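Notes follow the structure.
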Amino acid sequence: MTTFHDRIAAELADIDAQGLTKPERVIASRQGPVIEVAGQKVLNFCANNYLGLAGDERVVQAGIKAQERWGAGTASVRFICGTLEIHKELERAIADYLGFEDTILFAAAFDANGGIFEPLFGAEDAIVSDSLNHASIIDGVRLCKAKRYRFANSDMDDLEAQLKQARADGARDIIIATDGAFSMDGYVAKLAEIRALADTYDALIMVDDCHATGFMGDKGRGSYAHCGVEVDFVTGTFGKALGGAMGGFICATSPVVALLKQRARPYLFSNALSPAVCGSSLEAIRIAAGDEGDALRQQLFANAARYRAAMTEAGFDLLPGEHPIIPVMLGDARLAQDMAARMLELGVYVIGFSFPVVPRGAARIRTQMSAAHTFDQIDLVVAAFKTAGKELGVIK
């Protein structure tokens, strides 16, 4: 009889045989445009370090100072004895930056998306969710008793059909849930059209802006600012553009935040965000919200335009878009892993993405631009892609 451990070993072997194993390469340096991996300096073109602040000395020192003052952590959840002054400062800072009344903090953005739906919506309500939403939104919806509807990615006709169905089914409240920018493809949600449909069918809008906060829209306020609309709830992270550490948040009205603090399980049953993360995030918000942030955003999108143009000219299949996420489409999972391995040999750190992170047959190298990259570094990466692409038969 097959034992449990035999079954696990067989499943791992099958994953590897399909080329779906996701290796974890150990980084021996601070996050940045150049990192150390396996004893060599390599160009890093796959981090979510959009504004280049993850290794910024000001951000690092702000985290150190916060930890020196407040300690390593609270050893408690927020409502027991885990709320520090710096938590309230961070809540106020991110709410003001993004233009909301209030904020609730979570240990991770995954927890924010996991905790938003269940306290606010019940069996009488409906959640209409984009088919390509992040896994954390999908899991959050599963935890909620509201009726579930799904629309094809950014398909406004399908969204309207689902909204009509939800209304016909007698939904009390309807919430449309979408990523602001879809992390695997770099597509930006059609929030202006979603806003119009939400107004027509009296629906709320929730946007996960993890891949938009800090660098899209006016002052980097996010995808909704980029699209010129207002939304009801924004979830986001301090783990990408805003410092690169970890931690998530939900911005909403003060009554909504008050209820979430009473009922959201990831908030009630998880330790408070560490002081070091709070300190680093506060400094990152300060930078992102100011004139320096404007300059960083300008450089970020200039880098993305240069890279996209050069890779297209070289013959690579790129998904269209305006976002600094620029996927290099390869199709085959094994090819994606082989390409990533060869690129590392050529001095470039990128990662192959395959099922279940992306659909089967849609494997890719997801490259990501940072404001910290230079044009010279971009040109070197494109040259490496050309070499690897020709060797592996991806381009001629």
>> Quick test of your reading of the structure: Gly140 fulfils all but one of (1) out of contact with any strand residue (DSSP E or B) (no Cβ under 7 Å at 6 or more places or on another chain); (2) crowded, with 19+ Cβ neighbours inside 10 Å; (3) in contact (Cβ under 8 Å) with a residue 60 or more places away in the chain. Name the failing condition by number.
In response: (3)
> Counting just the residues of segment 189-240 that are among the charged types (D, E, K, R) and farther than 30 Å from Cys46 by Cα, which one comes out surrounded by the most Cβ atoms within 10 Å (Cβ to Cβ)?
Replying inline: Arg195
>> Is it the case, given these coordinates, that Met184 is under 20 Å from the mean Cα position of the chain (by Cα), assigned to a loop (DSSP other than H, G, I, E, B) and not hydroxyl-bearing (Ser, Thr, Tyr)?
In response: yes
>> When you scan segment 75-96, do you find a residue that is of a type in the set (Phe, Trp, Tyr) and closer than 26 Å to Val350 by Cβ, even just one?
In response: no
> What number goes with the only condition from (1) under 30 Å from Ser76 (Cα atoms); (2) touching a Pro at 6+ places or on another chain (Cβ under 8 Å) that Leu300 does not pass?
Replying inline: (1)
> Do we have Glu36 as of a type in the set (D, E, K, R) and part of a helix (DSSP H, G or I) here?
Replying inline: no
> Of Leu392, Leu330, Leu296, which residue is in contact (Cβ under 8 Å) with a residue 12 or more places away in the chain, within 25 Å of Gln31 (Cα to Cα) and out of contact with any Ser or Thr (no Cβ under 6 Å at 6 or more places or on another chain)?
Replying inline: Leu296
>> I need a count of the residues in segment 343-389 that are farther than 16 Å from Cys46 by Cα, small (Gly, Ala, Ser) and in contact (Cβ under 8 Å) with a residue 24 or more places away in the chain.
In response: 4
> Give me the pairs: first residue in segment 236-258 and of a type in the set (S, T, N, Q), second residue modelled with pLDDT of 95 or more and surrounded by 24 or more Cβ atoms within 10 Å (Cβ to Cβ), beta-carbon distance under 6 Å, and six or more apart or on different chains, which are they?
Replying inline: Thr237/Ala109; Thr237/Cys210; Thr237/Gly248
> Got a number for residues in segment 23-35 being surrounded by 13 or more Cβ atoms within 10 Å (Cβ to Cβ) and either touching a strand residue (DSSP E or B) at 6+ places or on another chain (Cβ under 7 Å) or aliphatic (A, V, I, L, M) (or both)?
Replying inline: 7
>> So, Ala305, is that one assigned to a helix (DSSP H, G or I) and either assigned by TED's automatic domain parsing to the domain that holds Ala38 or at pLDDT 95 or above (or both) or not?
In response: yes
> Quick one: would you say Ala95 is surrounded by 18 or more Cβ atoms within 10 Å (Cβ to Cβ), more than 22 Å from the chain's Cα centre (by Cα), in a helix (DSSP H, G or I) and not aromatic (Phe, Trp, Tyr)?
Replying inline: no
>> Please go through segment 35-74 and give me each residue that is over 13 Å from Ile86 (Cα atoms) and of a type in the set (S, T, N, Q), ordered by number.
In response: Gln40, Asn44, Asn48, Asn49, Gln61
>> Here is a list: Ala152, Ala168. Which entry is touching a helix residue (DSSP H, G or I) at 6+ places or on another chain (Cβ under 9 Å) and surrounded by fewer than 17 Cβ atoms within 10 Å (Cβ to Cβ)?
In response: Ala152
> For segment 354-368, does any single residue satisfy the condition of being among the charged types (D, E, K, R) and in contact with a Gly (Cβ under 9 Å, 6 or more places away or on another chain)?
Replying inline: yes
> Which of the residues that make up segment 303-328 are of a type in the set (A, V, I, L, M) and within 21 Å of Met184 (Cα to Cα)?
Replying inline: Ala304, Ala305, Ala309, Ala310, Met311, Leu318, Leu319, Ile325, Ile326, Val328
>> I'm checking my understanding of the structure. Among residues of segment 113-165 that are part of a loop (DSSP other than H, G, I, E, B) and within 18 Å of the chain's Cα centre (by Cα), which one is nearest to Tyr267 (Cα to Cα)?
In response: Ile116
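Conditions tested, residue by residue: (1) at positive phi; (2) part of a loop (DSSP other than H, G, I, E, B); (3) modelled with pLDDT under 95.
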{"residue": "Thr213", "(1), (2), (3)": "no, yes, no"}
{"residue": "Met216", "(1), (2), (3)": "no, yes, no"}
{"residue": "Lys219", "(1), (2), (3)": "yes, no, no"}
{"residue": "Tyr224", "(1), (2), (3)": "no, no, no"}
{"residue": "Thr235", "(1), (2), (3)": "no, no, no"}
{"residue": "Lys240", "(1), (2), (3)": "no, yes, no"}
{"residue": "Phe249", "(1), (2), (3)": "no, no, no"}
{"residue": "Val257", "(1), (2), (3)": "no, no, no"}
{"residue": "Lys261", "(1), (2), (3)": "no, no, no"}
> Within segment 1-22, restricting attention to residues that are loosely packed, with under 10 Cβ neighbours inside 10 Å and outside any helix (DSSP H, G or I), which residue is modelled with the highest pLDDT?
Replying inline: Thr3
> Can you tell me which of Lys190, Lys219, Lys240 is more than 22 Å from Lys88 (Cβ to Cβ), in contact with a Ser or Thr (Cβ under 6 Å, 6 or more places away or on another chain) and not aliphatic (A, V, I, L, M)?
Replying inline: Lys190
>> Of everything in segment 296-315, what is of a type in the set (Phe, Trp, Tyr) and surrounded by fewer than 21 Cβ atoms within 10 Å (Cβ to Cβ)? Give them in sequence order.
In response: Phe301
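The values are calculated or read from the model by the stated rules, or taken from the named source; none is laboratory data. Quick caveat: nothing in here was measured; it's all calculated off a predicted structure. Cβ sites come from the backbone with ideal geometry, for glycine too, and all protein chains shown count toward neighbours.
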